[in-house]
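Only one structure is covered here, and it is reproduced in the block below.
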Amino acid sequence: MDPILTMRVKGLVGFRPRVLSLRSRPSVWLRLLACFLGLLAILGTFSHLRGPGDNFILRQWSRYSCPAVLRPGQYRETAGNHFAVEGLGQDAEADEMGMVHDKRDENFYLGGTLTLTSSQSLEGPHPSPVIYDPYPAYNSKQWRKTNHGRFQPCLGPRGRDLDRTRSEDMVLVYKGKQLGFPESRFGSHEAMDLDGDVCTDRYSRFGAYGYDDDSEEDVPGFARPPLVHWNEVDWSDLQSRCFERNADRYKPNNAMNQTHQRPLSFGLREPPRETYESEPTATGVKRYRSRSAVLIRSWHSMLWTENHREYLRAIIMELSLHSGAEYEVFLLVHVKNDELPIFSDAKTMSDLRKSIPPEFRNIALFFNNKLLEAWYPKIPDHSHLLRQITAAEILVERNAYFYTPGAHGTWAEFIEMTNHSLQEVSANTIWGPILGTGIRSMGPEPPNSSPEDDNFNWGVGEEADLITFLPIFSPKETSWTFPDKVWNFKHGLHTPRRAGVITMGRYSRRLLNLIHKSQATRGLGLASEMTGASWSLYHGLKAVHVPHPIYADGQWTPHELARIYNCGLPENINGGPDSIWNFDHVYDHIMYRLSYMFTTHTAEDLYRRWLGYRTAENEGGKKVSQSIPIDQIFILETLLIDTSSV
């Protein structure tokens, strides 16, 4: 019987539903298609007008039409406590020099994407990565309450606006971690509010930036994005366009794009007199965003690898373009041949530019030793200058520690421990600008004469003028490499000073201007690794060592490492003759096996394996197909400069 729904109400005729087919009713299908495309166009226009804000309709549409997107903290491992403090009795076998536990930890290098903690079974299907979106909810109601202007998506290298729901524009991550991968020995994800429950392999991390894009081999869990002709991309132009779209988010007097103000010149202008005022921190007060310059240092004869290119593309896309120009990336190129006329001969400059991949040529800034000699004629040794172009209570003292979770507990417990240890020696701690330097402080004055009267409020919530990736210590009484590199200070080697090994970090514009003025006008100079930390000390500026996760390829216990790496009195950790920073090579067997240090074998070994290469003892040089996932990409020589007034 033909199923007919007959409606005989008030003489209505029967209604017979029929199955539509393209053969019988092509015009109906065309009308439906037109309606569907029209709906897409309306949604697209609406999205463009509103920006990527918090809109219910668009969020629901994205939920069903786009790949899965993971936000920080949305996936959590349920494993045990990462901060169980080790008992002292477990160190019974440890020796003073840490030789007993000097054994490789093979868990660094075993496993892979098939051994993720989130996988149900090794025999199951290969896991698939998801889009990872760590960016704020730009243009949302909450975001607009505290930010001037509107966020506008920026043009990407594929010729269309970036979309954080498209996998070709984003980093992909796997849920979980490699099974059995060691916990960090120093620093922690919890202390930095980092997501430690996801990881990436080489394809999910660099696939969007051209990794293995010339291959047709199928890779489990990875779909290659559309091919990009990278030599036709101009990252300088993309960054400039991005800033122009988002200019109303930044201070009007600073909202001018200085990208094309190059090359560097001998006539270094004096920085303008500026007053530095903290941005409002009260809830509900709108503020302009600050901008930061990211300087990546290289040299003119460097051989560019594919990984160099992919890494630099990732930095520009993730820091600059996805943030709406909160960062701008520059390539600082050191021309090591001082005889090359880089400021007077066009052909020389043309040849030097050809040494840089075409996509990065317009972000390159060239300099040499002669330029530094012209800028800072009163400083006798300019080799150290090359490296530096890269709550306030007891902060100076706490900065000297290697925070060791397995020995110190959580970050809150560590802070309480350092506070307690300094209570009886508070008169010896640093409070405000330090005296006896011959430099008049231009920084903020403490609100009270003593830290005991402040109740730990000064500096809370304020941006730091200096951020370093390794502890900051007093080098005066150590046998560190450069403690006596002091020029033109009236107290000579008696001048108070601090050092932070490796000059990578974030420097505020205020701090850089103060350093530049002292160097250019008075010839005051320190070794590069002492400069940022010491000038912060002289002017009472906030300097912070960030406890990011650092791993150790060895079987040393946390308490053992905490003892070796935190020598000295609480008010002078690593500032004495037993300092871990002494350049006597006593602890090289540990130093070389850390994932982040001034020199390390482990970082290179792990990174090469992560890229798919076998190690030297295992048929070096050949690619392997199994992907090793890691949750931390080791930092290259990078300097962040905050160009705002903070």
Lysines whose Cα lies under 23 Å from that of Lys476, excluding same-chain neighbours fewer than 8 positions away
Lys485, Lys490, Lys542
Can you check how the C-alpha radius of gyration of region 95-207 compares to 2.2 N^0.38 Å, as a plain ratio?
1.47
Of all alpha-carbon pairs in region 179-230, indicate the percentage at a distance above 15 angstrom.
60
Under a cut-off of 18 Å between alpha-carbon atoms, report the lysines in cross-link reach of Lys251, not counting same-chain residues fewer than 8 places apart.
Lys145, Lys286
Cα-based reach from Lys347 at 30 Å (exclusive), listing lysines while leaving out same-chain residues under 8 positions away
Lys336, Lys370
Taking the number of other C-beta atoms within 10 Å as the exposure measure, put Asp213, Asp197, Asp584 in order starting with the fewest.
Asp584, Asp213, Asp197
If packing is taken as the average count of other Cβ atoms within 10 Å, what order do 138-151, 511-524 fall into, highest mean first?
511-524, 138-151
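Where a number appears in this text, it was derived from the coordinates with a stated rule and is not lab data. Keep in mind it's a predicted model, so treat the numbers as computed, not measured. Using ideal geometry, Cβ is built from the backbone for each residue, glycine included, and neighbour counts are taken over all protein chains shown.
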